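These notes concern the structure reproduced below.
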Amino acid sequence: MFLKGKTALITGSTSGIGLAYAKAFAAEGAAVMINGFGEADAIEAERAKLAETSGANALYDAADMTKPDQIVAMVERCHAELGGPDIVVNNAGIQHVAPIDDFPPEKWDAIIAINLSSAWHMMRAAIPHMKARGWGRIITTASAHSMVASPNKSAYVAAKHGVVGITKTVALEVATHGITANCISPGYVWTPLVENQIPDTMKTRGLTREQVINDVLLDAQPTKEFVQPEEVAALAVFLCRDEAKSITGTNLPVDGGWTAA
Ligand code: NAD
């Protein structure tokens with residue numbers, strides 16, 4: 001429980017990787033603020049479980065990551081009601097897949113807002129609170145697509161490359177304040193989002209479940225296995241340890257060898 005007394009604010013943590021981060025921080029005793037969309041009863045159930053796990057408080061904030069004023073308000077609410085934030089995880093993300101000449105400009109705007117700009121607004125709002133205590137951890141979920149491209153993902157690849165640039169810059173700016181900033185770059189992670197795509201892909205491509213998993217989803221991943229959300233979260237927890245205080249400005253892959261190829 002080395003995070004007792006600390007507060008972690010995780011965007012996009014009502015499902016998938018974000019929820020795994022929240023659970024992992026709570027298991028180490030952190031108070032957590034979760035965020036994201038979803039069904040109110042399910043979110044409340046997760047919030048209550050997180051509080052029970054940590055023995056600390058847990059709150060949900062519905063801030064929309066496309067709205068900078070809501071991001072700032074969420075950080076200030078976290079500070080007022082939970083303290084901190086000592087740990088900030090920029091994790092909310094969306095995807096849209098289309099060739100650039102068919103890519104709707106409003107999808108470009110949404111992906112850039114949620115996957116890139118929200119991280120900048122979060123860091124800008126949270127860093128003064130971290131500086132005040134001389135300790136902080138900023139973690140951003142990037143992606144293998146922060147290092148390599150795939151066709152039809154121009155907005156996602158641009159946003160994920162962009163968060164690495166923000167992270168490197170901010171890491172330099174806060175280096176003498178006890179604050180680190182890093183990206184974690186997963187390959188294909190087994191989340192509800194990925195799982196829910198399988199039946200549709202089976203239907204539209206006339207493939208079996210195994211063919212979708214192995215020949216479509218895991219084609220780029222040398223291990224031929226999904227990364228589990230808990231593996232990503234475990235690295236985030238390590239980055240919060242004192243032993244990780246010299247790891248800053250990095251982009252750490254958790255991708256089964258994808259970006260080694
Ligand atoms: P997910 O869909 O399960 O989770 C996304 C979260 O973001 C949800 O909580 C959702 O409610 C929230 N969200 C979406 N739009 C939002 C908005 N406007 N404001 C606030 N919250 C919003 O997906 P996931 O797979 O867990 O993805 C989490 C992060 O991991 C994303 O940044 C994604 O790009 C990244 N990632 C995922 C994979 C993968 O294979 N699943 C791989 C690499 C990177």
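The values are calculated or read from the model by the stated rules, or taken from the named source; none is laboratory data. Predicted model, so just to flag it, every value in this text is computed and none were measured. Cβ: placed from backbone, ideal geometry, glycine included. Neighbour counts: every protein chain shown. Side chains included, ligands, DNA and RNA excluded: accessible areas come from the protein's heavy atoms. Shrake-Rupley method; radii C 1.70, N 1.55, O 1.52, S 1.80 Å.
Okay, here's what the table says:
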item	result
Helix-only CD estimate at 222 nm, as mean residue ellipticity for the chain, using -39500 (n - 2.57) per DSSP H run (n ≥ 4)	-13500 deg cm²/dmol
Amide H contacts of Met33 (H built 1.01 Å from N, under 5 Å, at least 5 apart or other chain)	Ala8, Leu9, Ile10, Leu59
Calculated Rg and Dmax of the range 1-141 using C-alpha coordinates, Å	15.2, 51
Selected from Ala244, Ser15, Thr208, residue furthest toward positive end of dipole (the chain; charges at beta carbon)	Ala244
Partner lysines for Lys224 [C-alpha distance under 30 Å; skip if fewer than 8 residues away on the same chain]	Lys23, Lys153, Lys160, Lys203
P(r) tail fraction, the chain - alpha-carbon pairs more than 25 Å apart, %	42
Phi-based couplings in Hz for the range 56-72 (Karplus 6.51, -1.76, 1.60; Gly and Pro marked x)	10, 7, 9, 10, 10, 10, 8, 3, 8, 5, 8, 10, x, 5, 6, 5, 4
Euclidean distance of C-alpha centroids, the range 67-82 and the range 196-261, integer Å	30
Most mobile listed residue (Ala48, Ala132, Ala234) in the chain, GNM with C-alpha springs under 10 Å	Ala132
Accessible area (Å², per residue) of the chain, counting only protein heavy atoms and a probe of 1.4 Å	45
Carbon plus sulfur fraction of accessible area for the range 161-259, probe 1.4 Å, in percent	54
Hits among lysines - C-alpha to C-alpha of Lys131 under 21 Å, sequence gap 8 or more where chains match	Lys4, Lys6, Lys168, Lys245
Within the accessible area of the range 62-144 (1.4 Å probe), percent carbon and sulfur	57
